[in-house]
Amino acid sequence: MTLHQSEAIVLRTWPLRESDLLVSLLTRDLGKVRGVAKAALKSRKRFGGALEPMTYVDAAYAERPRQELVRMDHFEAIASPLALPIDYLRAATLGYYAEVLENVLPDHDPQDAIFRLTLAVLEQSQVGRCWMPVTYFSLWITRLIGWLPETDRCTECGQNFAGEAAYFHGLTDGLSCARHKKPNSSALGVDSLALAQRMLRDSICAMSEEPWTRQSGRDLRRFLVRTLERHTERRLNSAEVFSRMGG
């Protein structure tokens, strides 16, 4: 048996037997792991309020040879999303982060850049300020996983968009110019293309100083969500909330 203690982010929990929970964690040292927290529903001393999704914790767990699930021993909360006010959009944003990370990351594959990205967007995701961090997260997770196409030129012909809109289709890779766009494609506007370039260049703290509304980068978010859904072959249910809210 190997004992681990690591910074981690709780992604999701499921009921397991009477008082146990199955827990999915994004750890800094081992990547995504799943394990059993025995008597978690009864033991406030070992887990307390540290099992809420997107809670940043110091996690102690044990890994056993030839067993897929680890044994969760205890968590200590470092930062909880419940420490700040929650509204409908912020709840949806936190759920989106958890759902994307759960779907795109393989087990036991350390990704320090993704861990740091998640901490950064969690810090910025506050009531009234969620549209920027959710866009930033969507762009960077797509890039870090290796699914982000070139955002400045046509995939088909290599022509630079040079101040013109790009086009994307939910069933194909990449961005196309007007000449090579597929039927029923959606447009990615000039402003959003420029926004993507700035987000790839600037820190999230620098981006947070700008005014944002639900319309800011809306077509960019939709392109990124479609890209994530196509590669994972799964519908991101949490992203539908953004569409219903006009974002």
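The values are calculated or read from the model by the stated rules, or taken from the named source; none is laboratory data. All figures in this text were calculated on a predicted structure; none of them were measured in a lab. In this analysis, Cβ positions are derived from the backbone assuming ideal geometry, glycine residues included, and neighbour counts consider all displayed protein chains.
In the list ARG64, ARG71, which residue meets the criterion of being out of contact with any Phe, Trp or Tyr (no Cβ under 9 Å at 6 or more places or on another chain), in the same structural domain as ALA37 (by TED's automatic domain parsing), touching a residue at least 24 places away in the same chain (Cβ under 8 Å) and surrounded by fewer than 17 Cβ atoms within 10 Å (Cβ to Cβ)?
Details: ARG71 fails: out of contact with any Phe, Trp or Tyr (no Cβ under 9 Å at 6 or more places or on another chain).
One residue alone meets the criteria, ARG64.
To keep it simple, each residue is scored yes or no on (1) hydrophobic (A, V, I, L, M, F, W, C); (2) at negative phi; (3) in a helix (DSSP H, G or I).
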residue	(1), (2), (3)
LYS32	no, yes, no
GLY48	no, no, no
ASP73	no, yes, no
ALA77	yes, yes, no
Log entry, pairs with first residue in region 11-36 being within 17 Å of ALA113 (Cα to Cα), second being of a type in the set (Phe, Trp, Tyr), beta carbons closer than 6 Å, six or more apart or on different chains, reads ARG28/PHE115
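Does LEU26 meet the test of being at pLDDT 95 or above and either crowded, with 16+ Cβ neighbours inside 10 Å or touching a strand residue (DSSP E or B) at 6+ places or on another chain (Cβ under 8 Å) (or both)? Walk me through how you get there before you give the answer.
Values: at pLDDT 95 or above: yes; either crowded, with 16+ Cβ neighbours inside 10 Å or touching a strand residue (DSSP E or B) at 6+ places or on another chain (Cβ under 8 Å) (or both): yes.
Spelling it out, LEU26 is indeed at pLDDT 95 or above and either crowded, with 16+ Cβ neighbours inside 10 Å or touching a strand residue (DSSP E or B) at 6+ places or on another chain (Cβ under 8 Å) (or both).
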Scan region 185-225 for residues that are among the hydroxyl-bearing types (Ser, Thr, Tyr), closer than 18 Å to SER243 by Cα and not in a helix (DSSP H, G or I) and jot them down. SER185, SER186, THR213, SER216
Criterion violated by VAL241 - all others in (1) of a type in the set (Val, Ile, Thr); (2) closer than 25 Å to GLU99 by Cα; (3) modelled with pLDDT of 95 or more satisfied: (3)
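Could you tell me how many of the residues in region 215-247 are closer than 12 Å to ALA92 by Cβ and either crowded, with 19+ Cβ neighbours inside 10 Å or touching a residue at least 24 places away in the same chain (Cβ under 8 Å) (or both)? Quick ask: steps written out before the conclusion?
First, pick out the residues of region 215-247 that are closer than 12 Å to ALA92 by Cβ: 236-245, 247.
Now drop any that are not either crowded, with 19+ Cβ neighbours inside 10 Å or touching a residue at least 24 places away in the same chain (Cβ under 8 Å) (or both), which leaves 236-239, 241-242, 245, 247.
Matching residues across region 215-247 total 8.
For region 9-30, how many residues meet the condition of being in a strand (DSSP E or B) and either at positive phi or in contact with a helix residue (DSSP H, G or I) (Cβ under 9 Å, 6 or more places away or on another chain) (or both)?
If we filter region 9-30 for residues that are in a strand (DSSP E or B), which is where we start, we get 9-16, 20-27.
Checking the rest, the ones that are also either at positive phi or in contact with a helix residue (DSSP H, G or I) (Cβ under 9 Å, 6 or more places away or on another chain) (or both) come to 9-12, 24, 26-27.
Looking only at that region, the number is 7.
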Mind listing just one residue for me: the one in region 123-147 that is aliphatic (A, V, I, L, M) and surrounded by 20 or more Cβ atoms within 10 Å (Cβ to Cβ) and, of those, farthest from the chain's Cα centre (by Cα)? MET132
Could we say that THR151 is of a type outside the set (A, V, I, L, M, F, W, C) and over 17 Å from ARG221 (Cβ atoms) here? no
Check region 84-101 and report whether any residue there is farther than 28 Å from GLU240 by Cα and not in a helix (DSSP H, G or I). no
Which is surrounded by 14 or more Cβ atoms within 10 Å (Cβ to Cβ), among the hydrophobic types (A, V, I, L, M, F, W, C) and free of Cβ contacts under 8 Å to residues at least 60 places away in the same chain, of ALA120, ALA92, ALA79? ALA79
